[in-house]
Amino acid sequence: MTRPYKLSALEGKVIAIDGPAGSGKSTTAKMVAARLGFTYLDTGAMYRAVALFAIENDISPEDARALEAIAPRLVIEFKTEEEINRVFLNGRDVTEAIRSPEVTSAVSPVSAHAGVREAMVARQREIARKGNVVAEGRDTTSVVFPEADIKVYLDASLKERARRRLIDFSRQGIDSTLEEQMALLAKRDEFDSSRSNSPLTRTGDSILIDTTNLNIEEQVDKIIKLITVRLMKK
Ligand code: DC
């Protein structure tokens, strides 16, 4: 692959991408990482793995004490197999299980506990210490990597985000409606943005990209262009 920049300019770099559910973060971050040869860091998958553990072990998503005690002991790993980013929880492949509607409902309260966040943030920083990363989530630009080299905030209208979710679910064979997805997303947005620990927020130094009318390639191109312009000049 030809890269329009010197690789030496991209050593120890962090590209952080935040935004609400359905804004296109995951697909965009994955593709930007692939184009740059960086590690893709899906921070939401880590909270989802904790939520899955809670469900499977009959721990209430609201039970801060139990979850804060267990979170630092969970082994959550990422491995790329045949170009698919796989997520492992205590050695078990949970890539598909963490995307279920049950986990999606439980993950917001699970991720709101300070001790759970502390444990996950420590892991996320550890992964970034090992090499260049494209990290995405809700607090990667604000809390996890406040010194990130490039910060992007992706957003899109509620209706468009719900439409994208509906397509994802239908691929998984899950029935839903646009109205139901809009209501669920609005609820999750409200929860993720108003919690006291690391709420979703757009930092002053994040570049806003509204993806409502963009396709994935356009989103990726915009970010790659930003990286090329900003980092290559340093
Ligand atoms: O991006 P996602 O839908 O996989 O994220 C799942 C949940 O995890 C989301 O509702 C909020 C939480 N989350 C978080 O609190 N902080 C992050 N950095 C990433 C996700």
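The values are calculated or read from the model by the stated rules, or taken from the named source; none is laboratory data. In this text, all values refer to a predicted model and were calculated from it rather than measured experimentally. Virtual Cβ from ideal backbone geometry, glycine too; neighbours counted across all protein chains shown.
The single residue among 35, 65, 48 that is assigned to a helix (DSSP H, G or I), away from the ligand (no atom under 16 Å from the Cβ), basic (Lys, Arg) and modelled with pLDDT of 95 or more turns out to be 65. Of all residues in segment 72-119, those satisfying the criterion of being within 17 Å of the chain's Cα centre (by Cα), assigned to a loop (DSSP other than H, G, I, E, B) and among the hydrophobic types (A, V, I, L, M, F, W, C) are 94, 112. In segment 152-183, the qualifying residues are those that are without any contact (Cβ under 8 Å) to a residue 12 or more places away in the chain and of a type in the set (A, V, I, L, M), and the one that is farthest from residue 96 (Cα to Cα) is 183.
Filtering 140, 177 for residues that are within 26 Å of residue 218 (Cα to Cα) and either in contact with a Lys or Arg (Cβ under 8 Å, 6 or more places away or on another chain) or not charged (D, E, K, R) (or both) leaves a single hit, 140.
Listed here are the strands (runs of 3 or more DSSP E) enclosed by segment 120-222 that have at least 1 residues being more than 13 Å from the ligand (Cβ to nearest atom), of a type in the set (Asp, Glu) and within 16 Å of the chain's Cα centre (by Cα): 150-155. Whether any residue in segment 89-96 is touching a residue at least 60 places away in the same chain (Cβ under 8 Å) and either β-branched (Val, Ile, Thr) or over 28 Å from residue 185 (Cα atoms) (or both) is what I want to check. Checked against the condition, which is being touching a residue at least 60 places away in the same chain (Cβ under 8 Å) and either β-branched (Val, Ile, Thr) or over 28 Å from residue 185 (Cα atoms) (or both), segment 89-96 yields no hits at all.
Is it true that residue 117 is farther than 14 Å from residue 51 by Cα and within 13 Å of the ligand (Cβ to nearest atom)?
no
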